[in-house]
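S.K.: One structure is given below, represented as structure tokens, and several questions about it will come after.
The values are calculated or read from the model by the stated rules, or taken from the named source; none is laboratory data. No experiment lies behind these values; they were computed from the predicted model shown. We place every Cβ from the backbone using ideal geometry, glycine too, and count neighbours over all the protein chains shown. Each accessible area value is taken on the protein alone, full model and side chains, heavy atoms only, with ligands, DNA and RNA left out. Shrake-Rupley method; radii C 1.70, N 1.55, O 1.52, S 1.80 Å.
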Amino acid sequence: MTAAPTAGILPAGAWPAYLDGLQEADEYAAIEVAVGLLEAGVPAERVLLDLVAPAQAEVGERWARNEWSVAQEHAATHISERVVAAVAAYANPRPTRGRVVVACMDGEWHALPPRLVAEVLRLRGWQVTFLGASVPAPHLVSYLHRHDAHAVALACALPMRLPHAHRMIEACRRVDVPVVVGGRGFGADGRWARKLGVAWAPGAPSAADLIADERTLRRVPPAELSHLADDEYTSLLKRRGELIDGALAELRERDPGTRDYTPSQMDSTVSDLGYIVDFLAAALYVDDATLFTEFVDWLVEILTSRGVPAPTLGSTLEHYGRVLRDFPRAARFLGAAGSSLARLGGAGVR
Ligand code: B12
């Protein structure tokens, strides 16, 4: 059993009982643990942030290690959503402050992390409109035209969505609504938010503090994106389809076994090849090789735990490197990822 990352804050027994509830897909048991804490006087904010949030991170670890299936992860996440709803209903706060709109970036389906942020903001008196997963920029802007908002909180869990994040942030700025962003997609220290020139909060409490301090929220240094003038990002996107098709053809050539892939194995392979291009594009967008190398390290972990050998990934990076030889920054990032891969599995880009 994994120890609670916040051990000591919650009464002993709550964490294992809650994780058991998620593991057994027993929503009644999980809700009972959460409501039991509330009844024992634990503040609702603590239940959300010290029980539900780290449990979801643990769900992610178990999925990444291939210990839990996608279905188990989905069931656990659904239960966490029910628990959040139960905690919110129990606390039942009434708004005393202005409206904050909370939304996920376009193409971003991780709605539970910003839902936790939304509930914490509600607990602190804000009137929150939660727009949920994958909100297209024009819809967000039209909502902001119709409803006065004190601030917008935008979530991004996957760094590959950062270029979209930037478009959403700019769209909010055009209607003069200040923005705070958060989520794993901006890097553990928020460094990619700084590149995009937007206020970033590591968690719900700091987001609430920032939203309450409008001057600080609006006082952000400008974006640092002058590197985009080299057009590598835009050109890479234009070649996305060609890159994936080429990598697939090269993979089939190199490893004839892939020709016998089932449709679902083929789907996963094509989406992995696409993720490599999308993460590379996002790294170009913020001009940071670590965005790409961290992704490749993560992908090695995922593939290895599912029995796919790391050399396969090394050869694909090599292939992209050959095709993108006229893209100096992309070539550098692919090289850095290859070296990292070599350190991890001894099979990097040669
Ligand atoms: C549940 C889940 C899903 C669900 C989401 C359902 C839902 N309703 O949210 C579904 C099934 C849709 C999903 C899909 C995918 N997922 Co997913 N998912 C998760 C999981 C297990 C939990 C997410 C969660 O609730 N976390 C709990 C929250 C509380 O943690 P948190 O993000 O750190 O949030 C805190 C702060 O970051 C901050 N914060 C977060 N958001 C915001 C927003 C604002 C405005 C502010 C201020 C602060 C803030 O405050 C929070 C509270 O303290 C994570 C694992 C993890 N560690 O998070 C993977 C994870 C994020 N997913 C991952 C992946 C890869 C995917 C997929 C690509 C998988 C696939 N092959 O299809 C897709 C991508 C879908 C998409 N385009 O968005 C990876 C990402 C890895 C990477 N390199 O980026 C993770 C890390 C899993 C893993 N261990 O590998 N996923």
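S.K.: Enumerate the calculated ³J(HN,Hα) couplings along region 40-48 in order (Karplus 6.51 cos²θ - 1.76 cosθ + 1.60, θ = phi - 60°), each rounded to whole Hz, writing x wherever the residue is Gly or Pro.
M.R.: Rounded to whole hertz, the list is 7, x, 6, x, 4, 4, 5, 4, 5.
S.K.: Pop out the carbon and sulfur fraction of the accessible area of the chain as a percent, whole number, probe 1.4 Å. If you can, show how the numbers build up before the last one.
M.R.: Details: 8690 of 16150 Å².
Roughly 54 percent of what the probe reaches on the chain is carbon or sulfur.
S.K.: Next question. Which helices pass in the chain if a helix is a full DSSP H run, must span at least 27 angstrom along its long axis by Cα, and must have mean Kyte-Doolittle hydropathy not below -1.0? If you can, show how the numbers build up before the last one.
M.R.: Details: long enough: 70-91 (31 Å, 0.52); 263-286 (34 Å, 0.70).
Once both thresholds are applied, what remains is 70-91, 263-286.
S.K.: If the only charges are +1 at each Lys and Arg Cβ and -1 at each Asp and Glu Cβ, what is the size of the charge dipole of the chain around the Cα centre, to the nearest 20 debye?
M.R.: So the dipole magnitude of the chain works out to roughly 1020 debye.
S.K.: Can you give me the three principal axis dimensions of region 200-350 from its C-alpha atoms, in Å, biggest first?
M.R.: Each principal axis gives a Cα extent; for region 200-350 these are 60, 34, 30 Å.
S.K.: If you don't mind, another one. Calculate the length of the line joining the C-alpha centroid of region 76-123 to that of region 8-69, in whole Å.
M.R.: Cα centroid of region 76-123 versus Cα centroid of region 8-69: 16 Å apart.
S.K.: Just to confirm, what accessible area per residue do you get for region 93-224 at 1.4 Å probe, in whole Å²? Don't jump to the answer; show the numbers that get you there.
M.R.: Working: 5790 Å² over 132 residues.
Per residue, region 93-224 has 44 Å² of solvent-accessible surface.
S.K.: Just how large is the dipole of region 229-345 about the Cα centre, in debye to the nearest 20, putting +1 at every Lys and Arg Cβ and -1 at every Asp and Glu Cβ?
M.R.: Details: 12 positive and 19 negative charges, 48 e Å.
Dipole size: approximately 240 debye.
S.K.: Check which residues have an amide H placed less than 5 Å from GLY132's amide H, if you skip close sequence neighbours.
M.R.: Excluding prolines and chain starts, which carry no amide H, the hits are CYS104.
S.K.: Among LEU303, ALA229, PRO54, whose Cα projects farthest towards the positive end of the dipole of the chain, with charges put on the beta-carbon of Lys, Arg (+1) and Asp, Glu (-1)?
M.R.: So the residue we want is ALA229.
S.K.: From the C-alpha gyration tensor of the chain, pull out the three semi-axes of the equivalent ellipsoid (sqrt of 5λ each), sorted largest to smallest, in whole Å.
M.R.: Details: eigenvalues 267, 151, 51 Å².
Calculated on Cα positions only, the semi-axes equal 37, 27, 16 Å.
S.K.: Find the eigenvalues of the gyration tensor of the Cα atoms of region 44-181, then list the square roots of 5 times those eigenvalues as equivalent ellipsoid semi-axes, largest first, in whole angstrom.
M.R.: Working: eigenvalues 140, 83, 21 Å².
Equivalent-ellipsoid dimensions as semi-axes: 26, 20, 10 Å.
S.K.: Can you tell which of PRO113, PRO159, PRO54 shows the greatest fluctuation in a Gaussian network model of the chain with Cα springs below 10 Å?
M.R.: Checking each option, the largest mean-square fluctuation is seen for PRO54.
S.K.: If you don't mind, there's one more thing I want to ask. Sum -39500 (n - 2.57) across every DSSP H segment of at least 4 residues in the chain, then divide by the residue count to get the 222 nm mean residue ellipticity, nearest 500. Please report the intermediate quantities before stating the final value.
M.R.: Numbers: 17 runs with 211 residues, N = 350.
Rounded to the nearest 500, it is -19000 deg cm²/dmol.
S.K.: By what distance, in whole Å, do the Cα atoms of region 1-92 stretch along each of the three principal axes, largest value first?
M.R.: Extents along the principal axes: 37, 25, 17 Å.
S.K.: Then there's this: How large is the charge dipole for region 93-224, taken about the Cα centre, if only the Cβ atoms of Lys, Arg (+1) and Asp, Glu (-1) carry charge, to the nearest 20 debye? Walk me through the numbers on the way to the answer.
M.R.: Values: 18 positive and 11 negative charges, 24 e Å.
Rounded to the nearest 20 debye, it is 120 debye.
S.K.: Determine the distance separating the Cα centre of region 174-194 from the Cα centre of region 270-319; give it in Å without decimals.
M.R.: 23 Å
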